[in-house]
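Accompanying notes for the structure given below.
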Amino acid sequence: MNNLYLTADWTILEIREIIPGHFFVSLSPSGGGGVPEYSPGQFFQISVHGIGEAPVSVSSSPTRPGTLEMCIRKVGRLTAAIAGLRAGNRVGIRGPFGNGFPLERMRGNDLVLLAGGLGIVPLRSLVNYAVDLPGEFGQVTVLYGAGTDAQLLFIDDLLGLSRDINIQLIVQEITGAGPYEERFGDRTGFVTDLIPGSVTRPTRTFAAMCGPPVFYRYAVSALLAEGLSKRLVYMSLERRMECGIGKCGHCGVGYRYTCVDGPIFNYWDAFNMPELIEMREGEPWIS
Ligand SMILES: Cc1cc2nc3c(=O)[nH]c(=O)nc-3n(C[C@H](O)[C@H](O)[C@H](O)COP(=O)(O)OP(=O)(O)OC[C@H]3O[C@@H](n4cnc5c(N)ncnc54)[C@H](O)[C@@H]3O)c2cc1C
Ligand code: FES
């Protein structure tokens, strides 16, 4: 029987700091055998021997087989150790885990994908999946915001797709560190400012979003104001995890484990478990 706690040995093919403190990592299984089947929205557990293990979202698309891509923010012991690795070094991988986005339900519909900051990492997987399967989805719109222009991730990747999909970017502050101003003018604000007018077929549009808790509270409210159906709103919600397979109880919220029942939840899940998005009484979309 397959032991879900056992890690497999994978090799880093490429690792580079794409913006300060954020590392793009491309990997493949050391012994060959190929990347296991996975879906956008799922995550893998990555470990460095003697340091620890953490869940990290998949950022590549299964439509581009052979390698697995992630983007890791250096915040602590394990992520700092990963940041210090080089191509050719080995890490442990278990997974994929979690439910992923409801791709079968999404097919044939428009997609509005909203990301705040590091939230673009799992959504990039879904964006590339939709772009690689032309005709299977309707209009794809990506609304992406960050604190500053220097904090936007995968910007060249995303702009390279702008012939196939509608990409709108916004930052709260322009620092001049990147080519943002010459490309987008001086538009500043929050990603939720991009929502009005972004949905053309509200009953045929799925929303998928990932960002900090406060982002969901305002984004969902703005999407519902556009006429989007509640049953078509999905969010990627992360919790501290240990096992990743529904055994240890670390990621429990109410009666659900976010590692197996999530990390992708729909509107009604979040509505019934408001602690999932740290929602407070009287804030948008519960009122
Ligand atoms: C499903 C899922 C997907 C994730 N995807 C990514 C990803 O694509 N890229 C990425 O960089 N990170 C991602 N994370 C977060 C990542 O797992 C943590 O940043 C990691 O565990 C930090 O490990 P560390 O040993 O470096 O830091 P630690 O020393 O364990 O912690 C450092 C700091 O990060 C905080 N922290 C640790 N884990 C979390 C967490 N899960 N949520 C919020 N704060 C946390 C701690 O409270 C502390 O302040 C994901 C988490 C989950 C649950
Ligand atoms: S992380 Fe162990 S139950 Fe979810």
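See the values below:
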| quantity | calculated |
| --- | --- |
| Dipole in debye (nearest 20) - region 88-190, about Cα centre, beta carbon charges: Lys, Arg +1; Asp, Glu -1 | 460 |
| Under DSSP loop assignment and at most 14 Cβ neighbours within 10 Å, longest chymotrypsin sites (Phe, Trp or Tyr not before Pro)-free interval of the chain | 6-254 |
| Å² of accessible area per residue within region 158-287, as computed with a 1.4 Å probe and no ligands counted | 50 |
| Mean ellipticity per residue at 222 nm, deg cm²/dmol - from DSSP H runs of n ≥ 4 across the chain, formula -39500 (n - 2.57) | -5000 deg cm²/dmol |
| Rounded percent of accessible protein surface that carbon and sulfur make up, the chain, 1.4 Å probe | 49 |
| Region 52-160: GluC sites (Glu not before Pro) in DSSP coil with no more than 15 other Cβ atoms inside 10 Å | GLU136 |
| Rg to Rh, two decimals, where region 52-188 supplies the alpha carbon set and Rh follows Kirkwood | 0.98 |
| Exposure ranking of GLU17, GLU37 by accessible area [1.4 Å probe, largest first] | GLU37, GLU17 |
| Solvent exposure of region 88-154 as accessible area per residue, Å², 1.4 Å probe | 28 |
| Scattering curve values for region 155-266, log₁₀ I(q)/I(0), Debye with Cα scatterers, q = 0.09, 0.21 Å⁻¹ | -0.34, -1.16 |
| Rounded tilt (10° steps) of 120-132 against the dominant C-alpha axis of the chain | 80 |
| Additional length obtainable on full extension of the chain from ARG105 to LYS230, 0.36 nm per residue less Cα span | 43.6 nm |
| Size of charge dipole - region 133-287 - debye, nearest 20, with Cβ of Lys, Arg +1 and Asp, Glu -1, no other charges | 600 |
| Nearest 10 degrees, 0 to 90: helix 213-225 Cα axis against the chain principal axis | 40 |
| Ranked order, LYS74, LYS230 - accessible area, probe 1.4 Å, largest first | LYS74, LYS230 |
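The values are calculated or read from the model by the stated rules, or taken from the named source; none is laboratory data. Since this is a predicted model, take the numbers as computed values, not measurements. Here Cβ is always computed from backbone atoms with ideal geometry, including for glycine, and neighbour counts include all displayed protein chains. We work out accessible area using only protein heavy atoms, side chains counted, and drop any ligands, DNA or RNA first. Shrake-Rupley method; radii C 1.70, N 1.55, O 1.52, S 1.80 Å.
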